[in-house]
1. Can you list the lysines whose alpha carbon is less than 23 Å from that of K20, not counting same-chain residues fewer than 8 positions off?
2. With the Cα gyration tensor of the stretch 95-323 giving a ≥ b ≥ c as the square roots of its eigenvalues, does the rule (a/c under 1.5 for rounded; else a/b larger than b/c for prolate; else oblate) give rounded, prolate or oblate?
3. Which percent, nearest 5, of DSSP beta bridges in the stretch 95-323 are antiparallel?
4. Against the longest principal axis of the chain, how steep is helix 107-118, in degrees 0 to 90 to the nearest 10, with axes from Cα atoms?
5. Rounded to the nearest 500, what is the 222 nm mean residue ellipticity of the chain from helices alone, with -39500 (n - 2.57) per DSSP H run of 4+ residues and division by all residues?
6. Once fully extended, how much extra length lies between L65 and T170, figured as 0.36 nm per residue of separation less the alpha-carbon to alpha-carbon distance?
7. Going by alpha carbons, how many degrees (0 to 90, nearest 10) lie between the helix axis of 479-501 and the longest principal axis of the chain?
8. Which entry in (1) 38; (2) 51; (3) 44 matches percent of Cα pairs over 41 Å apart derived from the coordinates of this structure?
Amino acid sequence: MKWPSFTESSPNEAYNFSSKPRDQWPVRVLIVMGLLFMSVFLWVYFQPQNRGYSWLFALLTISVLFKSLRLLHEWYHYWQVKPPVRPAVTRDWTVDVLTTYCPGEPYDMVVNTLRAIQAITYPHTTYLCDEADDPYLRQVCADMGVRHVTRTDKTDAKAGNINNALQQATGEICLVIDPDHVPVPDFLDHVLPYFENPKVGFVQCAQAYYNRKESVVAFGATEQTYSFYGPMMTCMGQYGTAQAIGANCTFRREALDSIGGHANGLSEDMHTAMRLHARGWTSAYVPLPLSYGLVPATLSAYYKQQLKWARGTFELLVTTYPRVFGGLTWRQKLHYGTLPLYYLLGTVQLIDILIPILSLVLMRLPLQLDLLVFATAYMPIFLTAFLVRQYAQRWLVERHEAGFHLVGGVLASGTWWVYLLGLVYTIFRVKVPYIPTPKDDKPRNNLVLVLPNLLMILLTLGAIGFSLYWYGRFTLNNVYSQLMIGFGLVNVLIMSINVVIGQEVALLAIGRFIGRIGAWRPDFFWSMRLVAWRFRYSIYYWLRRWALPLFAGVLVLTVGMGLFTYNKRTDHLPRHLRFATTQPFYLGYLPDGSSPASRRADTLVVPFHLAWPAEAGSPIPGRKSGPSATKFPLLFIEPTGLGADSTGATRAFLRSILRGERDEALTEFAQSAKEYASPLLVSFMPHFDDPARPWGLTDGRDLALFDKTWQYVVSFCRQQQATNIIWVWCPTRPATLVAHYPGDSVVDWLGFDVVDNPVVDADWKSHSFAALFQPLHTTVRTHPDYSIRQKPILITQLMSATDAPTAQRWTTEAIDLMRERYPEIRGVVFGQRAAFDRHHAAMMTAAE
């Protein structure tokens, strides 16, 4: 690598940071409105009726709260972004500049840094803290007038190396520069004036990188630092709590001596800052790029750095932070209590990956919030947060830093397992050795490092495939499941990009190929790049400038969505009842003349038995008047007047339908259904294979006759345009399910009675819901006709004919089993109104 030098003073033409008095109030307006929108969103989110499946809701809540707290942390640092005024210089300082060397680091890099340090215009003494006591570097130091310092006791890694040199250094000010950083000549001229304040213990400047375009990893890792070194650190400096960054931090020697020298640890810079602040020292921040260094350019180097930082900051949070807590100001307590929590991003990202997987496998939702309401509550906070961040980009350090920073965000999301490993290592006290970030790591096609992301990609795609196969129509026709598939595919995209980023040799080859193509028409490709660059940065510029006017558009959108949502929510007409979307779940009870609970009336199913006389020319009677709030009548059309030879009469009844002799009755019924103008659940001859019913059939030829009749009745009503009829096919025996399924096109729902009645059972014993329902469930799931597996199931009667305490326990256990094992059950009709009243709220919450 060609190591650069920087001879221009700072700030140069690339400098971007600007601050005017009028810049503060627009961002504060946006933040205040963002806080209002966040409050509304969280109020809607935590409404009891919106909670989904309990532990999925808990996982989602962790993610939502973490992201909300991160947003608050960011806005807290945007509230007061005002660069410090450089004090007047009244004295001179004696200055020591220290840099380090570890075995294996490139000689050329260290020599280049030493030359840049020697080129600093302010008088100073340069020290090389050489851990290897390298003869070549000893000679270089002698030639350049640099003091060479080494040691035999190698404890405390970088901190011990610096502290060893401090025993020989005598300057009042100590600047620590990493060996990959190249300072500008006027570095000290910008930082020393702040030490005129005797309370300032150290001064930190912005960090910039000269290899940000070396690779995708380097570009993304650099993007992750922009907001931190721009508006956030500037705000920290306003309350004397600028964070020390070990690569280019300037210390007052008296302050370092007051805490016994540079603190050790994986995050030795943060540890040193914590102890200095606890001792009463303050810190200042200079938003100028006064040195340029290396950012990790390979995935291996990046992951090593992030693991070291995650493990180090978590360690400080659980060990050092409690010890120094009493000496910190309230802002410093907040600062050091929240900064390490960034690395909980790994845990939250894992949660975000697992939620779609678990939701699709279990067919359970973490949230049962109506999507329109969710969008109305969430979009304002999302758009306001976006505008706040764009407005704050006026405080980024260099011009090229403007943008949406997508590469940095994707890279951080793919680093979830590294951050999680840092947390696990902290909990189980696993030590991570202090290893300097590799400076000349070679590109490679990584397989092991991308395995965690690759595994999660396979799990997510497997969950999507399983859901589509196992639940079929529930997934395909359910907007909530589609949303979970969408979230899962977004996760797959992000993790796939990280897998591709890890194939560094392949990406370099692609880059060289693109370069060769560009070499054919260099002028053309350069002009195209220039046009794209100007277009992109003009977007960033206008977003920064017009953030507040754009927010007026957000307000208009919010009001409009609110009004639209209110109007939609007052319309309770069901959507996609035929396919039983995850929301709502349909409940009912056998009618007893009482009124239903009005707040659940929009999903209430009440059965009615319509007696169709077997006598020729008899009409199908209309249902008797039910409760006025009945939303979904469940109409059982049952033949009556069959006489002593009920089987023969039923057979004749079916044949008369097939001959068209009862078309007039069916026409009147279809017209009546159309006039109802709302969905009707209809079952023709329910329990047709139950010999205990007068119309029950057992002979295979009779059941085949019923199949044809069912198909005829359904097709006839549909020809009459009675499309609001939802056809519920109600067999009772598993064998009938296999041999006499009439087909996908003429069955919308499956209907089953599940009744525990010891009196009629052969063994005179009570049986659990699982024992009664499982044979039917297994038959459906293994049916040779795949379409039947996709049908929603309505329990047309759920009841235990036992004593009241036993019946109550039986029903409760049945409900729990439906939640855990049977997501295809999308509706239940309770045999007793008391059971409905007792369980409907729990059923709605669990199922939705």
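1. Result set, ordered by chain and number: K82.
2. Working: a/c = 1.26, a/b = 1.09, b/c = 1.16.
Verdict is rounded for the stretch 95-323.
3. On the way: 10 of 32 bridges.
For the stretch 95-323, the DSSP antiparallel bridge percentage is about 30.
4. Roughly 60 degrees between the two axes.
5. Working: 31 runs with 419 residues, N = 848.
For the chain, the value works out to -16000 deg cm²/dmol.
6. 32.9 nm
7. 30
8. Given (1) 38; (2) 51; (3) 44, the calculated one carries the label (2).
Every number in this text was worked out from the coordinates using simple rules, so none of it is lab data. This one's a predicted model, so the numbers in the text were calculated from it and none came from an experiment. Note that we place each Cβ from the backbone using ideal geometry, even for glycine, and neighbour counts take in every protein chain shown.
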